[in-house]
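See structure below.
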């Protein structure tokens, strides 16, 4: 029998340089998705007269934004590095485009959330300048909703634009996975906090997002090639199995628990945990694929055998 091939590199070094990101970026992927999805859900709740759902979604958007800033700045090391990225706008760089998208979305979503906070104050604590925020809540919320989908998707484009095998091989489906995951998580948050009578849009958002995420993940696994192994092994495999179970259970619970406050809340929590697990699984799979030369060498040999050009890894 011929022994299995072993793939090595010069001096045992990885062929692809692993992304220099800590788990702060994985958390950022999740909180950014919650912020974007909640902003979109809040605008819909505002337009359809659901103040309870609007409040939960706007506060969820604010919490997601603030958390995202904390995680991103902590990974960058100091806030000035984020500001430095705004010195130029480079359309060929997902990082540059994403920074600008986030910078445009953030103030509008934050203003809508601040309007909600002002509305929760007693009337005697609302002087005229402060009440102006109430009037700005809807237009700011709508502007935030318009920029929310790119915020949810750009992180997937950012990962796929790297030479990390598992992320690059998933470039077609990963934006759909992340957008579906964001909708499931933000809809789940709505199920946890909104009154049962107003939770219909959050329920539809959560279930629809979960179905998109699960379908996109299955398609992604069929198209990734050999690097799909990283989604099933080690830490990434454990996260992805948790994601599948929690997301499926949360979606089913959201459908059958339409009249149960407790079951709706439990389903929402499962959907949020499933979304978090998805981001962690994808993140860990990318790191694992960068460490093993096999996930770079095998696809290159397959492309050479088909007569296709081989991309240069960096």
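No lab work stands behind these numbers, since they all come straight from the coordinates. Owing to the predicted nature of the structure, the values given are computational and were not obtained by experimental measurement. All Cβ positions, even for glycine, are placed from backbone atoms using ideal geometry, and neighbour counts span all protein chains on display.
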Compute the distance from the alpha-carbon center of segment 217-244 to that of segment 120-174, in whole Å. 28 Å
Can you tell me the 0 to 90 degree angle between the C-alpha axis of helix 94-119 and the longest principal axis of the chain, rounded to 10? 20 degrees
Rounded to the nearest 0.05, what FRET efficiency is calculated for residue 138 and residue 103 with R0 set to 22 Å and r the Cβ-Cβ distance? 0.50
hull vol. (C-alpha, convex hull) per residue for segment 169-251, Å³ -> 75 Å³
Arrange 61, 267 by Cβ neighbour counts within 10 Å, fewest through most, would you? 267, 61
Between residue 204 and residue 248, what is the label-point separation in nm under the 7 Å Cα-to-beta-carbon projection? 2.7 nm
If you line up the long axis of helix 51-76 against the longest principal axis of the chain, both from Cα atoms, how many degrees apart are they, to the nearest 10? 40 degrees
Build a GNM of the chain with springs between Cα atoms under 10 Å: which of 163, 152, 185 gets the top mean-square fluctuation? 163
Quick check on the exposure proxy: order 155, 48, 147 from fewest to most C-beta atoms within 10 angstrom. 48, 147, 155
What's the FRET efficiency of residue 218 with residue 305 using the Cβ-Cβ distance as r and R₀ = 41 Å, to the nearest 0.05? 0.90
With a Förster distance of 35 angstrom and the Cβ-Cβ distance between residue 263 and residue 78, calculated FRET efficiency to the nearest 0.05 equals 0.20
What share of all Cα pairs of segment 19-292, in percent, falls into each consecutive 5 Å distance bin? 1, 7, 13, 17, 18, 16, 13, 8, 4, 2, 1, 0, 0
Between residue 197 and residue 291, what length comes free when the chain is fully extended (0.36 nm per residue of separation minus the Cα-Cα distance, one decimal in nm)? 28.8 nm
